[in-house]
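Colleague: Have a look at the structure that comes next, please.
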Amino acid sequence: MKVDAELSVPVATAQVVRFDMKSPIDRTMQAPQSYWLDLCLTPRPHNARGCYSDRWGPERFERLGNIFMLPAGEALHARSDGCSTQSSILCHLNPEGLREWFDDDLHWTDQRLKACLDIPESSIHSLMLRLAEELRHPGFASQTMVELIVAQIAIELSRYCVNIKERAASGGLSAWRLRLIEERLQEVREAPSLAELAELCGLSVRQLTRGFRTSRDCSIGDYVANNRIEQARRLLATDTSVKAIAYTLGFASPSSFCYAYRRATGESPGQYRERLHRAGH
């Protein structure tokens with residue numbers, strides 16, 4: 001791991017780092033005394049996934065999203081099927097220093113732990129990018145600015161975690177139906193409609209949407225949209241033109257793609273490519 005920028009304040013240590021992964025990931029991560037928050041600035045390695053080693057069985061791995069958080073004291077076994085150069089913003093949050101903003105007594109249920117592996121909050125994404133900018137180009141009262149940004153991140157994380165409800169014992173989609181949905185979403189083409197996914201699973205649209213929300217704690221529409229953005233990131237890391245990416249992913253025009261991408265991520269496709277270039281990707 002190479003640290004490109006770093007700044008420590010009483011409530012956190014923030015870093016912009018690069019990983020040069022020569023082989024697929026297969027390692028255990030631990031943050032004994034801090035919350036580990038990670039925003040990947042480049043596409044994650046293919047099929048990046050994680051397992052809470054001390055809580056889940058060895059066969060249970062869940063997808064690692066663009067943003068994930070490892071609670072203090074937890075161990076995460078991370079794996080991937082691919083290798084790449086990865087650039088990330090890491091924020092190691094001090095639980096004691098954040099007690100005012102973050103509910104440290106939060107019960108880490110299975111659903112909350114799972115939800116922390118793929119945090120879709122655009123507000124946290126924007127704050128992490130702002131943090132990275134401050135690390136790379138510190139200005140007047142930079143330490144105070146970092147503390148204020150970290151406080152906002154902690155509040156947003158606390159709200160996100162508190163809103164995760166423990167899943168009911170039944171009512172979700174079966175594992176094979178969830179697998180069919182994931183396989184369809186891995187296809188790099190236009191996003192599937194609800195009707196298409198319902199037919200694929202042999203369910204009505206209503207059964208699909210209710211069952212998916214129970215299983216994943218988010219709407220299937222949001223899940224499909226987030227997956228589409230992840231595919232866009234992977235394509236933007238190649239030499240494929242923005243126009244070609246837009247039509248490949250089923251957008252009506254390059255401008256509609258750029259609008260959707262900026263709305264979801266807080267930056268344009270061009271700005272994302274510029275960050276990749278600066279990271280040496």
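The values are calculated or read from the model by the stated rules, or taken from the named source; none is laboratory data. Since this is a predicted model, take the numbers as computed values, not measurements. Glycine gets a Cβ as well: all are built from the backbone with ideal geometry, and neighbour counts include every protein chain shown.
Colleague: Which number in (1) modelled with pLDDT under 90; (2) within 20 Å of Ser142 (Cβ to Cβ); (3) crowded, with 20+ Cβ neighbours inside 10 Å marks the one condition that Leu37 misses?
Modeller: (1)
Colleague: Out of (1) over 20 Å from Lys114 (Cβ atoms); (2) at pLDDT 90 or above, the odd one out for Gly211 is which?
Modeller: (1)
Residue-wise test of (1) within 25 Å of Leu148 (Cα to Cα); (2) not aromatic (Phe, Trp, Tyr).
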position: Ala12; (1), (2): yes, yes
position: Ile25; (1), (2): no, yes
position: Thr28; (1), (2): no, yes
position: Tyr35; (1), (2): yes, no
position: Cys40; (1), (2): yes, yes
position: Leu70; (1), (2): yes, yes
position: Asp81; (1), (2): no, yes
position: Leu117; (1), (2): yes, yes
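Colleague: Of the conditions (1) under 21 Å from Val16 (Cα atoms); (2) surrounded by 17 or more Cβ atoms within 10 Å (Cβ to Cβ), Cys83 satisfies every one except a single condition; which number is it?
Modeller: Failed condition: (2).
Colleague: If you don't mind, there's one more thing I want to ask. Taking segment 123-139, which residues are in contact (Cβ under 8 Å) with a residue 60 or more places away in the chain and either surrounded by fewer than 15 Cβ atoms within 10 Å (Cβ to Cβ) or not assigned by TED's automatic domain parsing to the domain that holds Ser53 (or both)?
Modeller: Matches in segment 123-139: Arg136, Pro138.
Colleague: Being loosely packed, with under 15 Cβ neighbours inside 10 Å and either in a strand (DSSP E or B) or not assigned by TED's automatic domain parsing to the domain that holds Ile119 (or both) is the filter here; which residues of segment 3-29 pass it?
Modeller: Answer for segment 3-29, where residues must be loosely packed, with under 15 Cβ neighbours inside 10 Å and either in a strand (DSSP E or B) or not assigned by TED's automatic domain parsing to the domain that holds Ile119 (or both): Val3, Glu6, Ser8, Asp20, Asp26, Arg27, Thr28.
Colleague: Now, a different point. Does Arg233 meet the test of being of a type in the set (D, E, K, R) and surrounded by 16 or more Cβ atoms within 10 Å (Cβ to Cβ)?
Modeller: For Arg233, the condition - of a type in the set (D, E, K, R) and surrounded by 16 or more Cβ atoms within 10 Å (Cβ to Cβ) - is met.
Colleague: Residues in segment 268-275: is at least one within 22 Å of Glu133 (Cβ to Cβ) and among the small types (Gly, Ala, Ser)?
Modeller: yes
Colleague: Could you check segment 180-238 and list, in sequence order, the residues that are among the β-branched types (Val, Ile, Thr) and within 17 Å of the chain's Cα centre (by Cα)?
Modeller: Residues satisfying the conditions are Ile220, Val224, Ile229.
Colleague: Could you grab me the full set of residues in segment 250-262 that are farther than 15 Å from Glu190 by Cβ and in contact (Cβ under 8 Å) with a residue 24 or more places away in the chain?
Modeller: Correct list: Tyr261 only.
Colleague: Could you check segment 188-249 for helices (runs of 4 or more DSSP H) lying wholly inside it with 1 or more residues that are out of contact with any Leu (no Cβ under 9 Å at 6 or more places or on another chain) and without any contact (Cβ under 8 Å) to a residue 12 or more places away in the chain?
Modeller: Working: elements: 194-201, 205-216, 220-236, 242-248.
Result: 194-201, 205-216, 242-248.
Colleague: Which of the residues that make up segment 88-122 are of a type in the set (Ser, Thr, Tyr) and either surrounded by fewer than 19 Cβ atoms within 10 Å (Cβ to Cβ) or modelled with pLDDT under 90 (or both)?
Modeller: Those that are of a type in the set (Ser, Thr, Tyr) and either surrounded by fewer than 19 Cβ atoms within 10 Å (Cβ to Cβ) or modelled with pLDDT under 90 (or both): Thr109, Ser122.
Colleague: Is it the case, given these coordinates, that Ser142 is surrounded by fewer than 18 Cβ atoms within 10 Å (Cβ to Cβ), within 26 Å of Ser8 (Cα to Cα), modelled with pLDDT of 90 or more and hydroxyl-bearing (Ser, Thr, Tyr)?
Modeller: yes
Colleague: I'm checking my understanding of the structure. Among residues of segment 149-206 that are exposed (fewer than 13 other Cβ atoms within 10 Å of the Cβ), over 19 Å from Arg63 (Cα atoms) and among the hydrophobic types (A, V, I, L, M, F, W, C), which one is modelled with the highest pLDDT?
Modeller: Checking each candidate, the answer is Ala195.
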